[in-house]
């Protein structure tokens, strides 16, 4: 619910009509507003109007006392009569509220009262209530007080008491919710949460529990009525069947032992074959090691030479370093000569720059005094020019102001004369308009009378329409009641027919034999479960047999692959050896060619001098000194490199082939090992499946006999077992069909019985609802007849009041030149005519006053203009004289400056001379830097030459030491053989190592596999060997014996089935009883938790949860308002509330023990919590608080206002009636109620700073 506006007239001190718009204007844009005014002005009357319009009552007279008070009408009225709010001297009054209901539509609720004959001392008439929709003006509730009350409660979901406790916190009742009795608080919480549904749930749970209890008792009575056969013969049969079961189990165990012995013998034979295969594999591996022993020796030699790689690299590096040092020395000597020449040139340039700098400095010092005098004169000339320009501007401005003052005076003279003439004309017209003066003083009264006449006319028309509507509604209700009675009679007949149908269906259900069919279906289900367990064993046995055969075939294939891989490895080793020999011949030539065409060799050839020794070899003959030899050397080097790369690729490919052959041998060995393991696993699977089936077989036989279906249970797992077990499963499917049909028929009958029961129950509810509807319609018929009678009275009363108003309106119409007929013909036009005449008179009065003020203002402005004109003329003369003096001074200074520096500006002249001096100084500086750089470069070149000489000597010494060290490291091998071994590509050595390691690993794996197979054989040979044919014959004999016993079990089972038929019905009833008891236990548990015949248990629980939530929200607000206290629930069994005093050691206190201010804060926290409670639609968006803040100190008052302002963020408003000045200052938007004397007050809405 959302309150949009509050209106009223003649309520207590509020005589004039008032309207408070809560949805628009200043209040609509704020979250908190204050209702202010003096004591007795009528602030609380605004809230009284809110309650009167909605509920026909207001808190200050909501009492049941019988005390009576006098009334101007002569008849005393009780102090609780809400009509007492009508202002003394008024003939009628009303209160209206516009609001949006829970259904989202806008409504206007109205309460009105008037006195008889429209006289101030007339007898008080009955109050009038109405509720209309704003969208279409339609009436709701038929204007009957009771019906309007019901409609208001439905649209707001609040009764009057609930409204004033949660929305309207009136004077003296601010703590109503806090101090409410438990029953009142429970009713309010039920409205908040809608816990009526919880009461209905509680009742239905209780009723359902009792129905389930009766169902269990009925089934138990049926079970007790079933008789059972003698137990002695049945016990004997069971004992015989148990004996046969035991013998079958014992024979099955012996059969399993014989099968295990046969399986052990098969494993010994398979393991001996595996040992022979492992021995052959080991022989092949050792043979491969002997064949490739040269490769092992070759790898050992390469590993021994590998440590000599670093000394060889050191000798080559020393040779290269010596050549580089000699080339660097030659370059350093050339650089030193060039540096000496550059140093001499830099010295000459420095001497010339020094002479030019001295001459420039002397000229600069000679011009210093001239520049100083010229700069002083330039400064004075600039100041004088500025002063002269300012003086000229000031003189021109003064002349312009004088001219403006003269023009302004002329305009003021003309305006003053025109305003005086207009003032005289308007004053004459105002004195002549006497009719307008009368209407201007009484415009509001005229508008009220016109509106009241229009309202009464509309109410008269509405009353006549309501009378017709009430008469039509009474006729409609009479016909509807007759139709409802006929429908109730038909529904009762249909319910009787449904009960007879349910009895017939129950008889059909008993004849189906559901219990026996369900028992036999259970036996078939057990057999199907056992067959589902046996079928995978049979399939596993068949698959393992096939896997064992495949493993033996795969082992033969793996041995063939192993031999092929060995031959491929030998062929790859031979190819690699040939490629190594070819590379040995090509590699030295390729390396020599590469060195000849390298960048360093090219550089050394470029510095060779004819007939001079070579810095590398010392020879004077240089056959490759010219660049044209480079192309020939490059082609030779490229050809040799290509041959070497080709042999390297062949060596790598051969090594890769060897590695692939070794990998293939390893893979073939792994395949052989895996197939042997797969064969062993298949044998183990066969043994497990055989043993598991031997244990399951007796149970299969027994259940097969109980189920009485066709087919045979296989005695052992063999090639036919899968098909026999599949045949049994198919037989079960055939046997299930008739049972399934019987159970489906029973299920159908039960469904029909439940459906009929549901129809019976629904029919009962329909009858009950129809009877309740008839009762409601009869009550509505009574109210409609009462409404029609009241409509007749209202039509008569409205007619009389219209006649009285016509007499009051006549004087106003006469002043406007209108008649009562004009008002009836065009009420709006007449009202506009009266308003226009009054408005025209008021406008004429305002124009008269404005012209008077204008004449006075123009006279004052003219006097000021005369004075301003004299002042501006004197200022213009003074400014002219000052401008002439400053112009003469400027001319004298310019004449003195003209001969200095040839008239050139001082700064430019000094800058030009100074720039030339700086250029000379910079040239000298650059010359000094160049001379210093040349000397530094010369010193560096000398140092570099000396360092190059020492570096060359050191490089020669290092080369000699490196050659000696490499020669010593090679002993006893020759240097050529070592270099040849080191030149071999790393890929060749890696592939050789991979091949040797693979052959060694193959030999080790073969040895390990042989040891494992021999150990397996030894373990298997620990048990004594058996006679295979004899053991197989013994197993066949035991199988035949077991088959005979199983046939005996089948005969006994058939005998027991005939006895079971008599017990099937009892067994079915037991199952139904167990199911019913399970359902009853669930219902009983739920009933214990929430069920009750009255529905009170679950409702109290829901109300307690809501109160817990409300207390938590209130404590959040209370923590900010008064941290000393927090609310807690009292006894969990009820809805009582207490407060905890933190300052008194968490003492629990009664809410009534709080002081007035403390109780106000706690009640405010509860009210804020109620306004923010989630999940409800019963509270309005506005909270009204009437007084209560005067008991708070300043700090607590600030906290209370802050808490109220936070409600705006939740879409809430708070209206506060208060006298507290500090609170009024904090609240910007206010509804002010101001006294105007004679007990009259007016209402206005203002913002801070206004009025």
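Being under 30 Å from residue 781 (Cα atoms) and in a helix (DSSP H, G or I): is that true of residue 465 here? Break it down into steps so the answer makes sense when it comes.
Numbers: under 30 Å from residue 781 (Cα atoms): yes; in a helix (DSSP H, G or I): yes.
Against the criterion (under 30 Å from residue 781 (Cα atoms) and in a helix (DSSP H, G or I)), residue 465 qualifies.
Among the residues of segment 1183-1192, is any in a loop (DSSP other than H, G, I, E, B), over 24 Å from residue 3 (Cα atoms) and modelled with pLDDT under 80?
Yes, segment 1183-1192 has at least one match.
Between 558, 538, 517, which is closer than 18 Å to residue 717 by Cβ, touching a helix residue (DSSP H, G or I) at 6+ places or on another chain (Cβ under 9 Å) and buried (at least 19 other Cβ atoms within 10 Å of the Cβ)?
Going through 558, 538, 517 in turn, just one is closer than 18 Å to residue 717 by Cβ, touching a helix residue (DSSP H, G or I) at 6+ places or on another chain (Cβ under 9 Å) and buried (at least 19 other Cβ atoms within 10 Å of the Cβ): 538.
Given the criteria in contact (Cβ under 8 Å) with a residue 60 or more places away in the chain, more than 30 Å from residue 332 (Cα to Cα) and surrounded by 12 or more Cβ atoms within 10 Å (Cβ to Cβ), does residue 901 qualify? Reasoning before the result, please.
Values: in contact (Cβ under 8 Å) with a residue 60 or more places away in the chain: yes; more than 30 Å from residue 332 (Cα to Cα): yes; surrounded by 12 or more Cβ atoms within 10 Å (Cβ to Cβ): yes.
Yes.
Here is a list of conditions, (1) in contact with a helix residue (DSSP H, G or I) (Cβ under 8 Å, 6 or more places away or on another chain); (2) more than 30 Å from residue 92 (Cα to Cα), and residue 450 meets all of them except one; can you say which number that is? If we test residue 450 against (1) in contact with a helix residue (DSSP H, G or I) (Cβ under 8 Å, 6 or more places away or on another chain); (2) more than 30 Å from residue 92 (Cα to Cα), just (2) comes out false.
Applying the selection to segment 965-998, what residues are in a loop (DSSP other than H, G, I, E, B) and at pLDDT below 75?
Our first condition is that a residue be in a loop (DSSP other than H, G, I, E, B); within segment 965-998, this holds for 971-974, 984-985.
Those that are in a loop (DSSP other than H, G, I, E, B) and at pLDDT below 75: 984, 985.
Taken together, the criteria place residue 302 among residues that are farther than 27 Å from residue 959 by Cβ and in contact with a helix residue (DSSP H, G or I) (Cβ under 6 Å, 6 or more places away or on another chain).
Yes/no per residue for (1) touching a helix residue (DSSP H, G or I) at 6+ places or on another chain (Cβ under 8 Å); (2) touching a residue at least 40 places away in the same chain (Cβ under 8 Å); (3) assigned by TED's automatic domain parsing to the domain that holds residue 896; (4) farther than 30 Å from residue 854 by Cβ:
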| site | (1), (2), (3), (4) |
| --- | --- |
| 332 | yes, yes, no, yes |
| 347 | yes, yes, no, yes |
| 384 | yes, yes, yes, yes |
| 393 | no, no, yes, yes |
| 400 | no, no, yes, no |
| 407 | no, no, yes, no |
| 410 | no, no, yes, no |
| 427 | yes, yes, yes, no |
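The residues of segment 30-87 that are assigned to a strand (DSSP E or B) and at pLDDT below 85, listed by number, are 68, 69, 77, 78. For segment 1-29, a tally of residues being more than 15 Å from residue 1246 (Cβ to Cβ), within 49 Å of the chain's Cα centre (by Cα) and assigned to a strand (DSSP E or B) returns 6. Inclusion of residue 1133 among residues that are at pLDDT below 80, part of a loop (DSSP other than H, G, I, E, B) and surrounded by fewer than 20 Cβ atoms within 10 Å (Cβ to Cβ) is warranted.
If we scan segment 644-655, do we find a residue that is in a helix (DSSP H, G or I), touching a helix residue (DSSP H, G or I) at 6+ places or on another chain (Cβ under 6 Å) and within 30 Å of residue 1012 (Cβ to Cβ)?
Our first condition is that a residue be in a helix (DSSP H, G or I); within segment 644-655, this holds for 644-655.
Pick out the ones that are also touching a helix residue (DSSP H, G or I) at 6+ places or on another chain (Cβ under 6 Å) and you get 644, 647, 650-652, 654-655.
Filter once more, so that each one left must be within 30 Å of residue 1012 (Cβ to Cβ): none.
No, segment 644-655 contains no residue that is in a helix (DSSP H, G or I), touching a helix residue (DSSP H, G or I) at 6+ places or on another chain (Cβ under 6 Å) and within 30 Å of residue 1012 (Cβ to Cβ).
Within segment 110-123, residues that are in the same structural domain as residue 92 (by TED's automatic domain parsing) sit with their Cβ atoms under 7 Å from residues that are in a helix (DSSP H, G or I) and at pLDDT 85 or above, at 6+ positions apart or across chains, in these pairs: 110/53; 111/52; 111/53; 113/83; 122/116; 123/116.
Could you tell me which of the residues 1034, 1001, 1009 is surrounded by 18 or more Cβ atoms within 10 Å (Cβ to Cβ), in a helix (DSSP H, G or I) and modelled with pLDDT of 80 or more? After ruling out the rest, the residue left standing is 1009.
The C-beta contact set for segment 1126-1150 (first residue free of Cβ contacts under 8 Å to residues at least 12 places away in the same chain, second residue surrounded by 11 or more Cβ atoms within 10 Å (Cβ to Cβ) and not in a strand (DSSP E or B), distance under 7 angstrom, 6+ apart or interchain) comprises 1130/1136. For segment 429-441, the tally of residues that are in contact with a helix residue (DSSP H, G or I) (Cβ under 7 Å, 6 or more places away or on another chain) and assigned to a helix (DSSP H, G or I) stands at 8.
Could you check, for segment 47-65, whether at least one of its residues is over 50 Å from the mean Cα position of the chain (by Cα), crowded, with 20+ Cβ neighbours inside 10 Å, under 29 Å from residue 150 (Cβ atoms) and in the same structural domain as residue 1214 (by TED's automatic domain parsing)?
Filtering segment 47-65 down to residues over 50 Å from the mean Cα position of the chain (by Cα) leaves 60-65.
Narrowing further to those that are crowded, with 20+ Cβ neighbours inside 10 Å: 60.
Those left that are additionally under 29 Å from residue 150 (Cβ atoms): 60.
Next cut, in the same structural domain as residue 1214 (by TED's automatic domain parsing) only: 60.
Yes; the residues of segment 47-65 include at least one that is over 50 Å from the mean Cα position of the chain (by Cα), crowded, with 20+ Cβ neighbours inside 10 Å, under 29 Å from residue 150 (Cβ atoms) and in the same structural domain as residue 1214 (by TED's automatic domain parsing).
The values are calculated or read from the model by the stated rules, or taken from the named source; none is laboratory data. Bear in mind that the values here come from a model prediction, so they are computed numbers and not experimental data. When we count neighbours, we look across all protein chains shown, and the Cβ atoms used for this are built from the backbone with ideal geometry, even at glycine.
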